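Student: Starting off with a structure, shown below.
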Amino acid sequence: MCSPVRPAPPHPVAAHPSTWAEGSDGSTSGKGRLMSPKDASSRAKGRAGGAFTPARIAILALTVLALVFIFENTRQVKIRLLIPEVSMPLYLALLAVFVVGLCCGGYFMKRRSGR
């Protein structure tokens with residue numbers, strides 16, 4: 001007896017869902033295009049790396065150290081803002097400068113990535 005002709009197995013790259021590029025709405029339901037194996041492997045590495053990259057760990061450690069430094073300095077200080085002189089806890093002044101620095105850094109990083 002003759003056995004029926006079986007179709008060839010799907011391409012190994014096309015069979016894995018992570019190799020399909022996402023559509024504009026984030027779905028892969030037939031709208032995605034086939035990615036090259038290089039793209040698929042770099043995408044898989046991005047997921048496997050997770051949130052704990054060396055740079056993020058260093059930034060987190062510096063942030064924790066800055067916050068510890070800020071909240072350890074609680075005495076009252078006089079701060080001169082151009083003309084008026086303000087008396088306030090040192091930790092509030094340090095925290096304000098820290099937040100301004102975060103905002104400036106975030107702005108320039110966002111602007112840099114937009115090029």
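Student: Amide H to amide H under 5 Å from Val77: which residues, 5+ apart in sequence or cross-chain, H placed 1.01 Å off N in plane?
Tutor: For Val77, the qualifying residues are Met88, Leu90.
Student: If each residue of separation counts as 0.36 nm, what is the full-extension length gain between Arg112 and Val64 once their alpha-carbon separation is subtracted?
Tutor: Length gained between Arg112 and Val64: 14.7 nm.
Student: Still on this model: Can you give the extra length, in nm with one decimal, that the chain gains between Glu72 and Leu90 once fully stretched, where that is 0.36 nm per residue apart less the Cα-Cα distance?
Tutor: Working it through step by step, the gained length comes to 5.6 nm.
Read-outs: derived from the displayed coordinates by stated rules, not from any lab. These figures come from a predicted structure and were not determined experimentally.
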